[in-house]
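Every number in this text was worked out from the coordinates using simple rules, so none of it is lab data. Please read these numbers as outputs of a predicted model, since none were measured by experiment. Backbone-built Cβ (ideal geometry, glycine too); neighbour counts: all protein chains shown.
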């Protein structure tokens with residue numbers, strides 16, 4: 001109960017504070033830098049990881065941070081536009097939206113087990129006669145969300161390239177829900193994120209349901225993988241001073257090395273790598289080919 005109240009208090013604190021116009025004064029006690037962490041896992045887990053991270057960032061930069069967890073990345077992006085959010089952990093598509101609408105910049109990108117990219121996977125039950133992408137013609141496919149890079153955008157492009165036309169398409173909202181739908185036979189196949197195994201243990205979306213379904217690896221297989229996708233970035237509001245951007249980037253890299261477990265609890269990263277906006281051009285191209293208007297997506301979701 002305390003954790004839930006803390007989460008609400010943090011959220012209310014962040015979005016009830018008026019935007020501060022003088023960016024040169026950001027980071028003071030009176031005008032802290034507002035850092036939001038959009039939940040990719042359980043919000044209570046993120047909250048428990050935030051305090052030591054904030055303390056480390058403040059020690060490394062001599063700046064003050066106000067950390068919070070909004071209920072969606074759209075809230076975080078809109079906060080950047082109104083100067084109520086200065087820094088955010090965003091998914092790849094969320095970054096494209098923030099950059100397109102408000103000029104937000106990628107500060108660093110996540111690294112996980114030495115990898116700065118991931119892929120999308122198409123899953124199917126092992127007892128279904130689905131051996132390749134061409135076998136998905138006319139089948140029922142589960143996706144995560146229309147704004148999910150690995151859970152929709154890249155797989156949809158792959159289907160288009162292969163001239164595969166699913167018979168029915170549904171959205172499940174979460175990666176673990178897609179895996180569950182495949183496991184339970186509610187759909188023929190599903191699109192989810194994929195990371196390489198580590199020490200023989202799976203690190204793709206199936207891992208999220210392994211406790212619930214211990215035989216998930218035997219029952220659900222990977223049919224095919226997409227090309228590489230750059231990992232999700234830490235995003236910073238463009239008006240933050242260059243000096244502060246440099247200090248904050250160095251601090252994140254230093255703090256993640258000192259407390260990787262805390263960052264794993266936030267976005268499952270164990271390091272941060274340098275990043276350029278052009279790293280995401282491939283995803284942008286795919287989005288446009290699918291007819292998704294990045295600039296209008298925020299308006300649809302308000």
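With N residues in the chain, what two-decimal value do you get for its Cα radius of gyration over 2.2 N^0.38 Å? All intermediate terms of the calculation are to be shown ahead of the outcome.
On the way: Rg = 19.7 Å, N = 302, 2.2 N^0.38 = 19.3 Å.
Relative to the 2.2 N^0.38 Å estimate, the chain comes out at 1.02.
Quick check on the exposure proxy: order 38, 179 from fewest to most C-beta atoms within 10 angstrom.
Values: 38 23, 179 27.
Starting with the residue having the fewest Cβ neighbours, the order is 38, 179.
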For the range 118-229, what proportion of DSSP beta bridges, expressed in % and rounded to the nearest 5, is antiparallel?
70
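Could you work out [θ]222 nm for the chain from helices alone, using -39500 (n - 2.57) per DSSP H run of at least four and dividing by all its residues? Round to the nearest 500 deg cm²/dmol.
Numbers: 11 runs with 117 residues, N = 302.
Per the formula, -11500 deg cm²/dmol.
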Theoretical gain in end-to-end length, residue 59 to residue 268 [0.36 nm per residue, Cα-Cα removed]:
73.0 nm
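Between residue 72 and residue 137, what length in nm is gained on full extension when 0.36 nm per residue of separation is reduced by their alpha carbon distance? Mind dumping the intermediate values first?
Numbers: separation 65, 0.36 × 65 = 23.40 nm, distance 3.36 nm.
So the chain would gain 20.0 nm between residue 72 and residue 137.
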Rank 202, 248, 153 by mean-square fluctuation in a GNM of the chain with C-alpha springs under 10 angstrom and give only the top-ranked residue.
202
Can you pull the three principal axis extents for the Cα set of the range 58-118, in Å, largest first?
35, 32, 22
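Among 99-111, 161-173, how do they line up from the highest to the lowest mean number of other beta-carbon atoms within 10 Å? Intermediate results must be reported in sequence, preceding the final value.
Working: 99-111: 20.6, 161-173: 14.2.
Going from most to least packed, we get 99-111, 161-173.
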Angle, helix 92-102 long axis vs. longest principal axis of the chain, Cα atoms, 0 to 90°, nearest 10?
50
The range 126-204 shape via C-alpha gyration tensor axes, a/c threshold 1.5
rounded
Compute the long axis of helix 2-16 from its Cα atoms, compare it with the longest principal axis of the Cα atoms of the chain, and write down the angle in degrees, 0 to 90, nearest 10.
70
Given labels modelled 7 Å from the Cα in the Cβ direction, how far is it in nm from residue 285 to residue 212?
3.7
On a 0 to 90 degree scale, rounded to 10, what angle separates helix 43-61 from the longest Cα axis of the chain?
40
